[in-house]
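Inspection log for the structure reproduced underneath, given as structure tokens.
Derivation of every value follows stated rules applied to the coordinates shown; laboratory data play no part. Since this is a predicted model, take the numbers as computed values, not measurements. Glycine also receives a Cβ, built like all others from the backbone with ideal geometry; neighbour counts cover every protein chain displayed.
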């Protein structure tokens with residue numbers, strides 16, 4: 001099965017609640033690569049690459065609210081060109 005990459009932009013109370021760290025754990029457990037980083041507008045950008053089913057599982061997890069202390073209001077996604085990340089990292 002081919003690898004896909006998806007960028008997700010997560011809005012709500014998603015900074016300062018361990019969102020990137022927990023997303024990194026979830027993505028790593030799913031065997032995904034990519035990154036999570038805070039954006040200046042208070043949202044979090046998540047780029048996830050891997051098998052389509054696992055990428056969709058991460059996106060579903062984000063849409064269901066992500067980490068326990070987060071309050072996700074909406075998640076917008078868009079496909080990305082495949083990139084060769086070695087692991088899932090937190091970007092600063």
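Taking only C-alpha pairs under 8 Å that are 6+ residues apart, what is the relative contact order of region 3-81 in percent? Value for region 3-81: 49 percent. Exposure proxy for 21, 35: other Cβ atoms within 10 Å of each Cβ, ordered fewest to most, give 21, 35. Rounded to the nearest 500, the 222 nm mean residue ellipticity of the chain from helices alone is -7500 deg cm²/dmol, with -39,500 (n - 2.57) taken per DSSP H run of at least 4 residues. Across q = 0.15, 0.17, 0.19, 0.23 Å⁻¹, region 3-81 modelled as identical point scatterers on its alpha-carbon atoms has Debye log10 I(q)/I(0) values of -0.42, -0.54, -0.68, -1.01, in the order of the q list. Here 85, 19 are placed in order of increasing Cβ neighbour count within 10 Å, fewest first, which gives 85, 19. Put in order of Cβ neighbour count within 10 Å, fewest first, the listed residues 90, 59 become 90, 59. With both labels modelled 7 Å from their Cα along Cα-to-Cβ, the residue 15 to residue 56 distance reads 3.3 nm.
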